[in-house]
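Undergrad: Take this structure first; my questions come after.
The values are calculated or read from the model by the stated rules, or taken from the named source; none is laboratory data. Only a predicted model underlies this, so the values are computations on that prediction, with no experimental measurement involved. Here the Cβ positions follow ideal geometry from the backbone for every residue, glycine too, while neighbour counts run over all protein chains shown. For the accessible areas, the whole protein counts, side chains as well, though only heavy atoms, and no ligand, DNA or RNA atoms are used. Shrake-Rupley method; radii C 1.70, N 1.55, O 1.52, S 1.80 Å.
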Amino acid sequence: MSVLFVTGTGTEIGKTVTTAAIAAAALGQGRSVAVLKPAQTGVTAQERGDAAEVERLAGPVTTAELARYPEPLAPATAARRAGLPPVGPLEIAETAAKLAASHDLVLVEGAGGLLVRFDADGNTLADAARLADAPVLVVAQAGLGTLNATALTALALRSYGLDTPGVVIGSWPAEPGLAARCNLADLPDAAGAPLLGVVPDGSGALPPSAFRAAAPGWLAPELGGSGFDVAG
C-alpha cells in the first residue's frame, strides 16, 4: 500500500489529524512519506493548509498541493467562484504516482466526503482513487449518525470498485456517550471493513513531539500503528 487515499464521512471530522497520525507512525518506522492535498479550500495563500498541518504534527514529510481556493466550499464551487481552474482526477492520480516513485507512502487527503465534486464534470475523489488504483481509508465520527454516513460511504466505494482497508474514528471524545461506545462494535459492520484506529479528540492541539510519540498507539498495525485499546 504505497498510495492511500483518506476520505471522510463528512467535513470537520478529523481527516487531517488522522492523516498526520498515519504519517507520524510511518516516519517512526523509518519510512519516507509524502502528503498530497489535491484541493485546499477556505485558506488564503498566506495561511497554513492541511498538508502543512500534517507536516507540523508528524514531522518531515514531503507536501504537495495542486490548487488552493479561498472560500470554504466544495472544490468545484470554490474554483468556479474564484475564477480558477479546477483539479481533475487524472492530475491527482498522476501526482500521487510521481510521489510514490520516490516515497514509501503517499497519503492523499480529500476535501469533505468521498463524493464532493472537484470539477464541473462531477469528478470526485473516488474517480481519482480509481485512476490511481489505490485503497481509500474512511474517517468517521464517533457518535449518533455515523453508522448511516459510514454505510453510505462504503456503498459508494463499492460502486466505484474501490477497496477500503477500514475505518478510523477521527475524534474520540474524552467521555464517550452510549452511542459512541456502541459504535466501536457497530462501525465495522456499517463499513464492511475493520476499525483501524481511534484518534482522541484534541490530538491536533498536542505539541508535535507528544503527537508523534502517541500516534502509533491510536492506530492498528495495518496503518503502521502499535494497536489501540479503547474501553467500551
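Undergrad: When region 175-218 is examined, which residues are found to be of a type in the set (D, E, K, R) and in a loop (DSSP other than H, G, I, E, B)?
TA: Residues satisfying the conditions are GLU175, ASP201.
Undergrad: Keeping to region 73-129, report how many residues are open to solvent by less than 40 Å² (accessible area, probe 1.4 Å) and within 15 Å of THR63 (Cα to Cα).
TA: 12
Undergrad: Follow-up question, since we're still on this one. Farther than 20 Å from GLU222 by Cα, surrounded by fewer than 19 Cβ atoms within 10 Å (Cβ to Cβ) and free of Cβ contacts under 8 Å to residues at least 60 places away in the same chain: is that true of ARG48 in this structure?
TA: So ARG48 fits the description; yes.
Undergrad: Are any residues in region 138-163 open to solvent by 40 Å² or more (accessible area, probe 1.4 Å) and hydroxyl-bearing (Ser, Thr, Tyr), and if so, which ones?
TA: Matches in region 138-163: SER159, TYR160.
Here's the yes/no breakdown for (1) modelled with pLDDT under 95; (2) in contact with a Pro (Cβ under 7 Å, 6 or more places away or on another chain); (3) among the charged types (D, E, K, R):
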residue	(1), (2), (3)
CYS182	no, no, no
PRO188	no, yes, no
GLY192	no, no, no
LEU195	no, yes, no
GLY202	no, no, no
LEU206	no, no, no
SER209	no, no, no
ARG212	no, no, yes
